Amino acid sequence: MSYGILIVSHVPEIAAGVPKLLKQVAGDVSITAAGGTDDQEIGTSLEKITQAIEDNQADELLAFYDLGSAKMNLEMAEEMSSKKIHLYDTALVESSYVAASLLQAGVDLPAIEKQLAPLKVKGDN
Amino acid sequence: MSYGILIVSHVPEIAAGVPKLLKQVAGDVSITAAGGTDDQEIGTSLEKITQAIEDNQADELLAFYDLGSAKMNLEMAEEMSSKKIHLYDTALVESSYVAASLLQAGVDLPAIEKQLAPLKVKGDN
Amino acid sequence: MELTLEKYLVWMKEFAQKISDQKDYLSDLDSKIGDGDHGNNMARGLKAVSESLAAKKPTDLTTALKITAMALISKVGGAAGPLYGTAFLEMAKLSGQTTDLDQLLVAAVAGLQKRGGAQAGDKTMVDVWLPIVNKLKADQLTDEEIQEAVKSTKPMEAKKGRASYLGERSVGHLDPGAVSSGYLFETMLQAEVGK
Amino acid sequence: MELTLEKYLVWMKEFAQKISDQKDYLSDLDSKIGDGDHGNNMARGLKAVSESLAAKKPTDLTTALKITAMALISKVGGAAGPLYGTAFLEMAKLSGQTTDLDQLLVAAVAGLQKRGGAQAGDKTMVDVWLPIVNKLKADQLTDEEIQEAVKSTKPMEAKKGRASYLGERSVGHLDPGAVSSGYLFETMLQAEVGK
Ligand SMILES: Nc1ncnc2c1ncn2[C@@H]1O[C@H](COP(=O)(O)OP(=O)(O)O)[C@@H](O)[C@H]1O
Ligand SMILES: Nc1ncnc2c1ncn2[C@@H]1O[C@H](COP(=O)(O)OP(=O)(O)O)[C@@H](O)[C@H]1O
Ligand SMILES: [Mg+2]
Ligand SMILES: [Mg+2]
Ligand SMILES: [Mg+2]
Ligand SMILES: [Mg+2]
């Protein structure tokens, strides 16, 4: 079972930038991202998210998002995908960085989730 | 007293993208950002941070960063600047978004800080 | 009260027109307590719905509902996309078994709440959908009831969506998604969908 | 033990050389428990130090220390920049009053700890600086003591910096900033700075 990371942001630049931060510490982890609408405006795109899920080389993904509407689209994409997706309501940049570091170090999912738990900052709105 | 927002990231793209997300909900708030090293590599630059502080039209700044070394450079820049800088150990994207929304709505600093408090995710390492 | 394909297409045409007419107003509302794009989002979405329906010429209600859902999901770009999209998708799914408008809308609102997690009083479109579906079931839906439901969101404090970050500062403004949902049901009455 | 400008320049030259020689090794160490750039960061920083000292030809120690600090702060790009930079800046500040090496290094390590908040045992460069400054004060500093201090970081669990995200996985690796700090003090002995 291989784990990858999925980043979903409202902004194309954020989606492009976060993987760069993560890749530094997790060269062997597959990291894909979706940002902005189909027209590169601020928002999210189900199509882009679906594509980022498919493009990811792992079969089980840890997914991180910025704001609530990204989460809704992520959940729709999840329902349509055969890959298992673990969705976290944690700080986008900080928690995806922690997850990437730990995946690279070969830490297992329960231990990673334990370190992610205190980074929860949303999900109620 | 006017308040602005300062974003410091290790990645140029993140520093470019976060203000776009914030500008959507805070058109009247001055938001500036510094990302990457002087050579546009992953890291932070005291010079870029200092420039972003100066470029900000406000005289008091709420500052957000991604990882610890950005914080150290932010603190150096703060010591060298005449502007008052409030530095938060909160989730970069999510908390700067909340701060921007509230500044735009005219909420005062103590009330903003109350809403930022639960978004603290770092500062101990 | 059966929803026929013919009436449904009239409904969507009128809804798209209304959204297009009110685009700037919806975005203005959204700029007060959100990011100011709800009108643009909805207009983009409904344009896609109209174009997709015109291009694909569905011959049954289920297909028409599914086309609507897909266009909204893929083109709106904001929270309203997955929300309206899920509502229409749930109607599409159920429409194989029944075309009763009440039942379809009950399924729609359940999907909406599942997707967004909003309850009554959270200052979202759910505050229009829930009372309207109830009035419709009681055969008491009027334009006044719709206006009433839309206005009820004004004094509420937002608990979901971008407006929730404003806390008590969200009080005193209409919820933009509630307003666009009001248009959906107004045009439903105009199109005499359930008659 | 007075630090003279002349000896200081020799020291920095040897330190820059050592960092340049060990660049890949330092980055390799950093790739185990960090982002793999410590060697590149330090090499870039020390290159800037050498160039800046060569270009500005400082005629007093304070200026030389300040030039070093500024080059490190602006060119390293990682956590080591503000950390080493602050250390040299504190030395520069104090050097107007005293050029005693012990006292300068005591000020440096205080600055380092203020900047980064690390305590002894947190698996950072502080775990080299603290014991070495103590040994130096006791006039007992040797290459073996330096090696000892560097190696002491191996069994530690990181509490500061990127390595701290790895928790117990950081155990069993040398801290890259401790290793580069070891080079700083080795070359200090080689340059017979305090003699
Ligand atoms: N979790 C939710 N549940 C129900 N409705 C929601 C939720 N989040 C947002 N909404 C609705 O969506 C509307 C905003 O839509 P839109 O502006 O298109 O999305 P965004 O906020 O992503 O820009 C709100 O006015 C509200 O009615
Ligand atoms: N808070 C801190 N206090 C003291 N030293 C630290 C701290 N954070 C990091 N370091 C030191 O910095 C070194 C890493 O430097 P470098 O790789 O240049 O920075 P970065 O981690 O930003 O890439 C670590 O090995 C450690 O010795
Ligand atoms: Mg909006
Ligand atoms: Mg939006
Ligand atoms: Mg590093
Ligand atoms: Mg680095």
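The set of residues in segment C:72-123 that are surrounded by fewer than 21 Cβ atoms within 10 Å (Cβ to Cβ), touching an Asp or Glu at 6+ places or on another chain (Cβ under 8 Å) and of a type in the set (D, E, K, R) contains only C:Asp100. You will find that of C:Asp24, C:Asp37, the residue that is within 14 Å of chain A (Cβ to nearest Cβ) and not β-branched (Val, Ile, Thr) is C:Asp37 and no other.
Being under 14 Å from the mean Cα position of the chain (by Cα) and closer than 23 Å to B:Ile49 by Cα holds for only one residue in D:Gly77, D:Gly81, D:Gly39, and it is D:Gly81.
Taken over segment C:35-68, residues that are of a type in the set (Lys, Arg) and either over 24 Å from C:Ala107 (Cβ atoms) or in contact with a Cys (Cβ under 9 Å, 6 or more places away or on another chain) (or both) amount to 3. Scoring C:Ser27 on the criteria (1) crowded, with 22+ Cβ neighbours inside 10 Å; (2) farther than 26 Å from A:Thr50 by Cα leaves a single failure, condition (1). When the residues of segment A:95-125 are filtered to those that are open to solvent by less than 10 Å² (accessible area, probe 1.4 Å) and not hydroxyl-bearing (Ser, Thr, Tyr), the one that is nearest to the other protein chains (Cβ to nearest Cβ) is A:Val98. Does C:Ser74 qualify as being more than 16 Å from ligand 6 (Cβ to nearest atom), over 23 Å from C:Gln190 (Cα atoms), out of contact with any helix residue (DSSP H, G or I) (no Cβ under 8 Å at 6 or more places or on another chain) and within 14 Å of chain A (Cβ to nearest Cβ)? Against the criterion (more than 16 Å from ligand 6 (Cβ to nearest atom), over 23 Å from C:Gln190 (Cα atoms), out of contact with any helix residue (DSSP H, G or I) (no Cβ under 8 Å at 6 or more places or on another chain) and within 14 Å of chain A (Cβ to nearest Cβ)), C:Ser74 does not qualify. In segment C:142-158, the condition of being under 20 Å from B:Lys114 (Cα atoms) and crowded, with 20+ Cβ neighbours inside 10 Å is met by at least one residue.
Could you pull out the residue among B:Asp38, B:Asp66, B:Asp55 that is within 26 Å of B:Val107 (Cα to Cα) and surrounded by fewer than 20 Cβ atoms within 10 Å (Cβ to Cβ)?
Numbers: B:Asp38 fails: within 26 Å of B:Val107 (Cα to Cα); B:Asp66 fails: surrounded by fewer than 20 Cβ atoms within 10 Å (Cβ to Cβ).
The conditions single out B:Asp55.
Within segment C:40-62, does at least one residue satisfy the condition of being within 12 Å of ligand 3 (Cβ to nearest atom), surrounded by 23 or more Cβ atoms within 10 Å (Cβ to Cβ) and more than 23 Å from C:Val10 (Cβ to Cβ)? Looking for residues that are within 12 Å of ligand 3 (Cβ to nearest atom), surrounded by 23 or more Cβ atoms within 10 Å (Cβ to Cβ) and more than 23 Å from C:Val10 (Cβ to Cβ), one finds at least one in segment C:40-62, hence yes.
Here the strands (runs of 3 or more DSSP E) wholly within segment B:1-94 that include at least 2 residues being within 14 Å of chain A (Cβ to nearest Cβ) and of a type in the set (Val, Ile, Thr) are B:3-9. Within the span defined as segment D:94-104, one or more residues are in contact with a Lys or Arg (Cβ under 7 Å, 6 or more places away or on another chain) and part of a helix (DSSP H, G or I). In this structure, C:Leu9 does satisfy being open to solvent by 50 Å² or more (accessible area, probe 1.4 Å), touching a Leu at 6+ places or on another chain (Cβ under 8 Å), more than 23 Å from B:Leu22 (Cβ to Cβ) and of a type in the set (A, V, I, L, M, F, W, C).
Checking each residue in segment B:78-94 for being among the aromatic types (Phe, Trp, Tyr) and open to solvent by 30 Å² or more (accessible area, probe 1.4 Å) picks out no residue at all.
Within segment D:23-61, the residues that satisfy the criterion of being part of a helix (DSSP H, G or I) and more than 16 Å from ligand 2 (Cβ to nearest atom) are D:Ser50, D:Glu51, D:Ser52, D:Leu53, D:Ala54, D:Ala55, D:Lys56, D:Leu61.
Of everything in segment B:41-51 that is buried (at least 24 other Cβ atoms within 10 Å of the Cβ) and hydrophobic (A, V, I, L, M, F, W, C), the residue that is farthest from the chain's Cα centre (by Cα) is B:Leu46.
Filter segment D:111-129 down to the residues that are farther than 22 Å from D:Leu46 by Cα and more than 10 Å from chain B (Cβ to nearest Cβ), then identify the one that is nearest to ligand 2 (Cβ to nearest atom). Quick ask: steps written out before the conclusion?
The initial filter retains those residues of segment D:111-129 that are farther than 22 Å from D:Leu46 by Cα, namely D:114, D:117-123.
Next cut, more than 10 Å from chain B (Cβ to nearest Cβ) only: D:119-121, D:123.
Values: D:Gln119: 9, D:Ala120: 11, D:Gly121: 12, D:Lys123: 8 Å.
Result: D:Lys123.
The values are calculated or read from the model by the stated rules, or taken from the named source; none is laboratory data. Here the structure is a predicted model, which means the values were calculated and not measured. Cβ atoms come from the backbone with ideal geometry, glycine included; neighbour counts cover every protein chain shown. SASA here: full protein model, heavy atoms, side chains in, ligands and nucleic acids out. Shrake-Rupley method; radii C 1.70, N 1.55, O 1.52, S 1.80 Å.
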